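What follows is a short report on a single structure.
The values are calculated or read from the model by the stated rules, or taken from the named source; none is laboratory data. It should be emphasised that the depicted structure is a prediction, and the values quoted were computed from it without experimental measurement. Here the Cβ positions follow ideal geometry from the backbone for every residue, glycine too, while neighbour counts run over all protein chains shown.
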Amino acid sequence: MGKDGFTCVECNEKATELHRDYNNGILKITICESCQKPVDKYIEYDPVIILIDAILCKTQAFRHILFNTSLNIHWKLCVFCLLCEAYLRWSLLHGSEQSSDPADIIRYTKEWEFYGMFALATLELSAYCGGVLCFLWLVLGRLQGATIELSLLLRALLLSCYGKVLLIPAVIWEHDYSPLCLGLIKIFVLTSNSQAIRVILNSSRRLSLLAVCFGVLAETCVAQACNKLPWSIQDI
Ligand SMILES: [Zn+2]
């Protein structure tokens, strides 16, 4: 694994190993000294079960993914989610233009609009992550003197944004309930973000929710500022 240690998914205590290899093909799951339960029961679970538990926002599943695996796809996932969001915004931009003019097809080929939406989505995500990290750094680092690992938090935030992938089916199966679906996806992503922060910092639910709210506030401010700029993409 290349890690200093692992974490018990049940009680958050540190552990040196997840299982012990007794040769002869015998493996034994390590029992946590603190809570007397398996340190990480998920190591023998199917990835689908782990994903279902993560979707249900179970603390244990989050601890397994964030502490006991070397899952390093957060940047790739981030780019993919941004592409999903850019596509959604781009399709909504054209969906509002109800026109049967064949010349409109040519307008659809304007790729730069898509890249503009991608840049806007990137800016908003950066503002959101920056807002969350700044809030936690100020509250925990400055006021309480605790050391927080910002890179670990950023990885957790980006990984827990996986729900944005659902934007694609929401766009493809376009129907009257699309705004409701998009709202539910947003709530799901924010809930996952809040749970990820809570697991990384082992903090209260209130603090993680406050951090998420602060991030949303920063994101909204940036989105509003971008809309008001004279060179706004929508205006062009
Ligand atoms: Zn334990």
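Listed values, structure above:
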{"quantity": "Selected residue [buried (at least 16 other Cβ atoms within 10 Å of the Cβ), among the small types (Gly, Ala, Ser) and in contact with a Ser or Thr (Cβ under 8 Å, 6 or more places away or on another chain)] from ALA170, ALA156", "calculated": "ALA170"}
{"quantity": "Residues located in the range 9-59, provided they are of a type in the set (A, V, I, L, M), more than 15 Å from the ligand (Cβ to nearest atom) and either in a loop (DSSP other than H, G, I, E, B) or over 26 Å from CYS161 (Cα atoms) (or both)", "calculated": "ILE26, LEU27, LEU56"}
{"quantity": "Scope the range 134-155; condition closer than 20 Å to ILE73 by Cα and aliphatic (A, V, I, L, M); matching residues", "calculated": "LEU150, LEU152, LEU153, LEU154"}
{"quantity": "Criterion violated by LYS186 - all others in (1) closer than 26 Å to TYR87 by Cβ; (2) touching a residue at least 60 places away in the same chain (Cβ under 8 Å); (3) among the basic types (Lys, Arg) satisfied", "calculated": "(2)"}
{"quantity": "Enumeration of residues in the range 64-82 that are at pLDDT below 90 and under 20 Å from LEU125 (Cα atoms)", "calculated": "ASN72"}
{"quantity": "Criterion: assigned by TED's automatic domain parsing to the domain that holds CYS81 and buried (at least 17 other Cβ atoms within 10 Å of the Cβ) - qualifying residue of LEU138, LEU180, LEU125", "calculated": "LEU125"}
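Residues checked against (1) on the phi > 0 side of the Ramachandran plot; (2) of a type outside the set (S, T, N, Q); (3) more than 13 Å from the chain's Cα centre (by Cα):
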{"site": "PRO47", "(1), (2), (3)": "no, yes, yes"}
{"site": "ILE50", "(1), (2), (3)": "no, yes, yes"}
{"site": "GLN60", "(1), (2), (3)": "no, no, yes"}
{"site": "ILE65", "(1), (2), (3)": "no, yes, no"}
{"site": "THR69", "(1), (2), (3)": "no, no, yes"}
{"site": "ILE73", "(1), (2), (3)": "no, yes, no"}
{"site": "PHE80", "(1), (2), (3)": "no, yes, no"}
